[in-house]
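Notes for the one structure printed next.
Derivation of every value follows stated rules applied to the coordinates shown; laboratory data play no part. These numbers were taken from a predicted model, which means no experiment stands behind them. Using ideal geometry, Cβ is built from the backbone for each residue, glycine included, and neighbour counts are taken over all protein chains shown.
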């Protein structure tokens, strides 16, 4: 017993001595570690997951071990510099994740200047927690000041064994890192190398290794391209030469139905399907959109597949039938000279169509002035093409620029002139007013108050529990966008033009409402001031899977051509991805293009798999989340086995890899030479 006590006493003395003589290092470690834990907690919601903790601890210790090679009085500068680095990484990723639901990369951040005024919407969502990381350097500086006043640095200069402390600390760090990498699977390493699923990499390896890995990939892109292109080309050829894909490219009753007709895409900013089921005080949120859906062919299960490029990604996908890049946005300087095979480029080059794009914002937004000509557009009508009071807060200016109502009103004569000049045309009209941050404007008149009789006073009272939340502002903004849409449809119907024109209306992406806000919309009880309990009979079940599935946006094919209007009618409820739109229209236009990842929806039907850039996938039977390795069954009495999940996981992984490769390696360039 005495021997045990003796050893315990020695251990106790060692711990006390270590803490006393390593206070600066311990302070650095605790602050850095807490930052990584908070970072995961505020983003992916797994602050205490063991695997990323092991990796983060290992790297923090490894970095810290080199400080022992520095004189004690200079160690502060070394630790402080690293804490500044950790603070920047964690703050940037916290803010970035809040808006994009993903982690930042160096390459992506360098392209944010392409977004222009869209960046304003990020700052509206900022939370106090996003700046908690600033406490790391502040507290560390305070600790340093306290130690400086004491005899700590002088003492360390005398008693510190530099080499022993460095090697001991490094050895401990390597134990953590060896455990991390020894327990990682081949799939983990593959994801780390590809870096396309950033959330999974952070969940597995922590924020520190993720950022280091991202940095390495950012500074050696040419080396990556040099060594990866051949493998990417093999994958590309094997996929698109697969004869089984031809089964989904056969003719059907819609083949050639749109040949020689004009096509106009109407890109509806942030418009989602769930709005079509909402009303307040007897007035529907989007009555014109609902009417449009009833008049045309409504694809009610249409899912965007955007990545960081958001609206720009939606343009790319709907024009190409491909997936966007999980890394650098397609609409960036890095891909400005890429070769694209698109609906407008084919119609222009093979059918003689005039092609144009139209947007009320600056042409530099998402670098459209550079990218759109490569997508096949000849004419481009942007901010300078429209007349409006360019002052924020004016009646003409809503959100990021010209109001949708004024934009549509001025767009009509431009398009009518195009129709008078050219035999056929293809155009894309991009709306603007319903863009985040959904700020209130005097032109918004929609009332989202809830009115009720006060039981005590018996008087009519109201509450607006949604007004100060993102979801409330979004609903009001969407109602305005719907009013503008209704006026546009009336312009079209009353015009002598557009009799041979088919309009394709689509929501470009979801409004990025938080799960909390959506649950608040469905389950808040304004009478009690609380969210309803699950036992409440009026409670609406809304889990994380419902939140993903709720991101679908409207897709409507509509025309005032009497012959076609009889055909483009009804609800198509087949599960459909954004990359299925172009192949569907290709068939309707009798155009052949095998370089698409989507399918003609009328051929593939219930066999469709919607793959998202994250690696998640959706079928008519299941929604699978790769981050959690969980899925939700969408049909009763249908058994989902592991083989079904694995098969579709592999398919999803392949499509994401091909989508990235096409963009990163410009694989569509010189196709004639490749086929020879």
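Antiparallel versus total DSSP beta bridges in the chain: what percent is that, nearest 5?
On the way: 26 of 52 bridges.
Restricted to the chain, the bridges split so that about 50 percent are antiparallel.
Order these peptides, 354-367, 170-183, 433-446, by their mean beta-carbon neighbour count within 10 angstrom, highest first.
354-367, 433-446, 170-183
Could I have the simple spin-label model distance between residue 127 and residue 642, label points 7 Å from Cα toward Cβ, reported in nm to one decimal?
Rounded to a tenth, the inter-label distance reads 3.6 nm.
May I ask you to compute the full-extension gain from residue 70 to residue 182, defined as 0.36 nm times their residue separation minus their alpha-carbon distance, rounded to one decimal in nm? Walk me through the numbers before you get to the answer.
Details: separation 112, 0.36 × 112 = 40.32 nm, distance 3.16 nm.
Between residue 70 and residue 182, full extension yields 37.2 nm more.
Gap in Å between the Cα centre of region 372-400 and the Cα centre of region 172-215?
Between the Cα centre of region 172-215 and that of region 372-400, the gap is 44 Å.
Can you tell me how much longer the chain between residue 339 and residue 538 gets when fully stretched, taken as 0.36 nm per residue apart minus their C-alpha distance, in nm with one decimal?
Details: separation 199, 0.36 × 199 = 71.64 nm, distance 5.31 nm.
Full-extension gain reported as 66.3 nm.
How many angstrom lie between the Cα centre of region 436-459 and the Cα centre of region 547-571?
A separation of 32 Å, based on Cα centres.
Between helix 198-219 and the chain, what is the angle of the helix's C-alpha long axis to the longest principal axis, kept within 0 to 90° and rounded to the nearest 10?
90
Can you tell me the relative contact order of region 390-460? Whole percent, Cα pairs under 8 Å, sequence separation 6 or more. Present the calculation step by step, with values, prior to reporting the outcome.
Values: 47 pairs, mean separation 22.6, N = 71.
Result for region 390-460 is 32 percent.
Describe numerically, in nm with one decimal, the distance between label points set 7 Å from Cα along Cα→Cβ at residue 279 and at residue 234.
6.0
How far apart, in nanometres, would the label points at residue 189 and residue 174 be if each is projected 7 angstrom from Cα along the Cα-to-Cβ direction?
The modelled label-to-label distance comes out at 1.9 nm.
If you average the C-alpha positions of region 581-632 and of region 130-145 separately, how far apart do those two centres end up, in angstrom?
Result: 48 Å between the Cα centres.
Normalised by the number of residues in the chain, what is the relative contact order in percent for Cα pairs under 8 Å and 6+ residues apart? Spell out each step's value before the answer.
Working: 1076 pairs, mean separation 121.6, N = 676.
Relative contact order comes out at 18 percent.
Regarding region 519-676, what whole-number volume in Å³ per residue does the convex hull of its Cα atoms give? Mind dumping the intermediate values first?
Details: hull volume 32.5 nm³, N = 158.
Given the Cα convex hull of region 519-676, per-residue volume reads 206 Å³.
Based on the mean of other beta carbon atoms within 10 Å per residue, what is the order of 265-274, 645-654, 534-543, most packed first? Walk me through the intermediate numbers first.
Numbers: 265-274: 23.1, 645-654: 15.5, 534-543: 10.2.
The packing order, highest mean first, is 265-274, 645-654, 534-543.
By count of other Cβ within 10 Å, fewest leading, how are 623, 28 ordered?
Ascending Cβ contact count within 10 Å gives the list 623, 28.
I'd like the FRET efficiency for residue 30 and residue 394, computed as 1/(1 + (r/R0)^6) with the beta carbon distance as r and R0 of 60 Å, rounded to 0.05. Please list the in-between numbers first.
Numbers: r = 52 Å, r/R0 = 0.87.
That pair, residue 30 with residue 394, gives E of 0.70.
With Rg and the Kirkwood Rh both taken from Cα atoms, where does Rg over Rh land for the chain? Write down the numbers at each step before the final one.
Values: Rg = 28.5 Å, Rh = 27.8 Å.
For the chain, the value is 1.03.
Please list, by residue number, everything in region 312-333 whose backbone N is under 19 Å from a paramagnetic label point 7 Å out along Cα→Cβ of residue 242.
Backbone N within reach: 321-324.
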